[in-house]
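Before any comments, here is the structure.
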Amino acid sequence: MNTVPLRPGSVIGILGGGQLGRMTAMAAKAMGYKVICLDPTPGSPCGQVCDGQVVGSLSDLDAAYALARQSDVLLYEFENIDADVVRALEAEHCVPQGSRTLAITQNRILEKEHLAAHGFPLAPYRVVKSAADLSSAIVALGLPLVLKSALGGYDGKGQLVLRGGGDVAAALSQVSRGGEFVLEKFVELYSEVSVIIARRPGGECFVYPLAENSHQQNILHTSIVPARVTAEVAQCARAIAKGIAHSLDLVGLLAVELFVTPEGVLVNELAPRPHNSGHYSLGACYTSQFEQFVRAVADLPLGATDLLYPALMFNILGRHLKQVYAHWPLLQQRGKVHLYGKTYNAGDVSFCCTNDSLSSQAMSQRKLGHILLRSTDPEQDIAWLESLLGK
């Protein structure tokens, strides 16, 4: 088994070929590493910038071993990867992130149980495995509520808000079809924030500035940094993130999504990898979250996380792409535009068509890139971008 610290010229293998892997690979190559990835789609966003790609399913252990045999160290860029595959790999190869954090954070039930057991603040919740569980949980918690699938949910997928009788009937129907769920109390929010924290194997931690996030249709729309919260809230959020990272014995990156409520700061969800709300760091921080990710898994000293300027990050979805192209020079003049090499076809705009299987609705919601602006008036800048590109 190879060990870290990792010297330049070593090969980093990435389980996953999406945009997070792409930007991680670009950072790793700038640091002198070679990178290969595993993804089922030939020419994946990550594969486009790598030294090679293994084409195969992320649940295919043989494909994962093929990646491992070519790599000095392995990392995963997405939590919806089979934890059993990672567990098998770490028995023979260097996988600094490990399978434990992955197994906990990819299952909402295990994640809630871990957080509750370590005393981190959560919204009231119940585990639901049957219609009877759901009915009793609704009585115990009271409407409104949010039903979330235990497995496989991101960007609002697998979630249902329960406000009245029709929603309850839909939830009962969903639960009756099988599966495991978490039912949470719908809490009053002042704002939603997130914290990215990096941790090395020896325990050194660096925390990024808080991002204040807004969503549309459960997909991240904008991140404002620094978050417009009190110093007490920011300090509490950073302390929670550090505590969670140590409780997991984290190696790599962890994104901690938090609710700011009248009752205080509550933990919403965790993601053990670079995060959409941390993309502002790619330009607005001394060390981007992607370079930091590589540093952490390579057991190198972590880089400074200072915010260089107040920033706004705006997600580019499929429905925005035509206007992004139409206003390309203006956007480049005002800020930094990052495109991920993903599939989209919008009339007279065709962008890296490598997958035509998605529905037009799914394509319109697909994250294709982001825009970073230096911003001292984020509301005005959001209004400008929405007028230019659409909401």
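Every number here is computed from the coordinates shown, using simple stated rules; none is lab data. A quick note: this is a predicted structure, and the numbers were derived from the prediction, not measured. All Cβ positions, even for glycine, are placed from backbone atoms using ideal geometry, and neighbour counts span all protein chains on display.
Working note: 222 nm ellipticity from helices only, DSSP H runs with n ≥ 4, each -39,500 (n - 2.57), summed and divided by the residues of the chain, gives -9500 deg cm²/dmol to the nearest 500. Using a Gaussian network model on the chain with a 10 Å cutoff between Cα atoms, which of Q97, Q19, Q380 fluctuates the most? Of the options given, Q380 has the highest mean-square fluctuation.
Of all the options G264, G341, G166, the one that moves most in a Gaussian network model of the chain with Cα springs shorter than 10 angstrom is G166.
Assuming charge only on the beta carbon of Lys and Arg (+1) and of Asp and Glu (-1), the dipole of segment 124-185 about its Cα centre is about 20 debye to the nearest 20. Note on S387/E204: beta-carbon distance plugged into 1/(1 + (r/R0)^6) with R0 of 41 Å gives a FRET efficiency of 0.40. Highest-first packing order for the peptide set 300-308, 167-175 is 167-175, 300-308, based on the mean count of other beta carbon atoms within 10 Å.
Highest GNM mean-square fluctuation among H327, H275, H338, for the chain modelled with Cα contacts below 10 Å: H327. In segment 11-95, taking the dipole from charged Cβ atoms about the Cα centre, the farthest positive-side position among V85, L15, Y33 is held by Y33. Protection proxy ranking of 143-150, 130-137, by the mean of other Cβ atoms within 10 Å over each peptide's residues and highest first, is 143-150, 130-137.
Subtracting the Cα-Cα distance of L302 and R177 from 0.36 nm times their residue separation leaves 40.4 nm of extension gain.
Placing a pseudo-label 7 Å from each Cα along the Cα-to-Cβ vector at V161 and Y286 gives an inter-label distance of 4.1 nm. You can think of it this way: the chain between E92 and W328 has 80.2 nm of extra reach, that is 0.36 nm per residue less the Cα-Cα gap.
Rounded to the nearest 20 debye, the dipole magnitude of the chain is 400 debye, with +1 charges on Lys and Arg beta carbons, -1 on Asp and Glu beta carbons, and the Cα centre as origin. About its Cα centre, segment 180-260 has a charge dipole of approximately 280 debye under the convention of +1 per Lys or Arg Cβ and -1 per Asp or Glu Cβ, with nothing else charged.
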